[in-house]
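See structure below.
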Amino acid sequence: QPECQTGEAEAPLARLTAELHQCQERFRLLADMVDDVFWVGDFTTRKCMYVNPACGAVLGRSVEDLQGESIPFHDVLHPEDRETVQDIVAEAWTRGKPYECGFRAVWPDGSVRWLRERAFPVLDSAGNKEFMAGFCTDVTSVREAQEEATHLRETLDAAQRVAHMGYWRYDMASE
């Protein structure tokens with residue numbers, strides 16, 4: 001009959017459990033400090049296993065709203081962008097490849113934000129797909145600045161045409 005000394009067997013398990021909880025807490029602290037949405041999705045179900053609290057500021061949705069939902073988050077996508085984004089994401093998940101795409105998100109209040117999402121597969125040591133992880137950034141202010149710059153450029157061009165004026169560009173370094 002083998003002898004069991006539970007105290008000796010439980011000590012390594014307790015230490016490993018404590019280390020696991022410490023790693024999980026470090027991960028949550030890091031992920032919670034990121035201004036972008038950070039999510040982790042299950043390859044088999046394509047459901048969100050984790051999303052950080054930034055989803056409130058970026059997507060207008062709570063962690064509870066998104067955790068367990070399919071990726072991409074269907075209700076977030078602007079109807080005109082939905083099919084294209086879903087196709088990009090489905091192909092990347094099927095092939096286990098990274099992807100990047102821009103799209104509009106509709107907030108619950110009806111306002112629209114421009115987002116850029118980057119996602120990548122996380123593989124185990126044997127090269128098998130473990131999960132997909134991604135970041136989603138609100139690029140609305142960048143998009144608005146680009147649109148304003150385009151508008152100003154068009155206004156300047158129109159004013160120069162009306163005034164029969166132009167401008168010269170001269171690069172002293174290359175001339």
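Please determine whether any residue of the range 153-167 is among the acidic types (Asp, Glu), open to solvent by 100 Å² or more (accessible area, probe 1.4 Å), in a helix (DSSP H, G or I) and closer than 25 Å to CYS55 by Cα.
Quick first cut of the range 153-167, residues among the acidic types (Asp, Glu) only: 154, 157.
From what's left, open to solvent by 100 Å² or more (accessible area, probe 1.4 Å): 154.
Pick out the ones that are also in a helix (DSSP H, G or I) and you get 154.
Subset that is closer than 25 Å to CYS55 by Cα: none.
Taking every residue of the range 153-167 in turn, none turns out to be among the acidic types (Asp, Glu), open to solvent by 100 Å² or more (accessible area, probe 1.4 Å), in a helix (DSSP H, G or I) and closer than 25 Å to CYS55 by Cα.
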Residue among PHE38, PHE43 that is over 17 Å from CYS136 (Cα atoms) and touching a residue at least 40 places away in the same chain (Cβ under 8 Å): PHE43
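Okay, residues lined up against (1) more than 14 Å from the chain's Cα centre (by Cα); (2) among the acidic types (Asp, Glu); (3) outside any strand (DSSP E or B):
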residue	(1), (2), (3)
ASP65	yes, yes, yes
ASP75	yes, yes, yes
ARG82	yes, no, yes
VAL89	no, no, yes
ARG104	no, no, no
ASP109	yes, yes, yes
PHE120	no, no, no
ALA133	no, no, no
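Would you pick out the residues in the range 46-60 that are under 14 Å from THR137 (Cα atoms) and either assigned to a strand (DSSP E or B) or more than 11 Å from the chain's Cα centre (by Cα) (or both)? I'd like the intermediate steps shown before the answer.
Step one: filter the range 46-60 for residues under 14 Å from THR137 (Cα atoms), giving 51-60.
Within the range 46-60, VAL51, PRO53, GLY56, ALA57, GLY60 qualify.
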Can you pull out every residue in the range 104-121 that is exposed (fewer than 13 other Cβ atoms within 10 Å of the Cβ), without any contact (Cβ under 8 Å) to a residue 40 or more places away in the chain and not small (Gly, Ala, Ser)? VAL112
Taking interchain pairs and intrachain pairs at least six residues apart, which have beta carbon atoms under 6 angstrom, with the first residue in the range 133-147 and hydroxyl-bearing (Ser, Thr, Tyr) and the second surrounded by 12 or more Cβ atoms within 10 Å (Cβ to Cβ) and assigned to a strand (DSSP E or B)? THR137/ARG116; THR140/ARG113; THR140/TRP114
Contacts under 8 angstrom Cβ, first residue in the range 91-103 being of a type in the set (Asp, Glu), partner surrounded by 13 or more Cβ atoms within 10 Å (Cβ to Cβ), 6 or more apart: GLU91/TYR99; GLU100/ARG116; GLU100/GLU117; GLU100/ARG118; GLU100/ALA119
Which one is farthest from ASN128 (Cα to Cα) among residues in the range 46-74 that are open to solvent by 30 Å² or more (accessible area, probe 1.4 Å) and in contact (Cβ under 8 Å) with a residue 24 or more places away in the chain? ALA57
Assuming THR137 fulfils every condition listed in (1) part of a strand (DSSP E or B); (2) β-branched (Val, Ile, Thr); (3) touching a Leu at 6+ places or on another chain (Cβ under 9 Å); (4) within 20 Å of ARG46 (Cα to Cα) apart from one, which condition is it? (4)
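The values are calculated or read from the model by the stated rules, or taken from the named source; none is laboratory data. Remember, predicted model here, so these are calculated numbers, not experimental data. Because the Cβ atoms are built from the backbone with ideal geometry, glycine has one as well, and the counts that use them run over all protein chains shown. Side chains included, ligands, DNA and RNA excluded: accessible areas come from the protein's heavy atoms. Shrake-Rupley method; radii C 1.70, N 1.55, O 1.52, S 1.80 Å.
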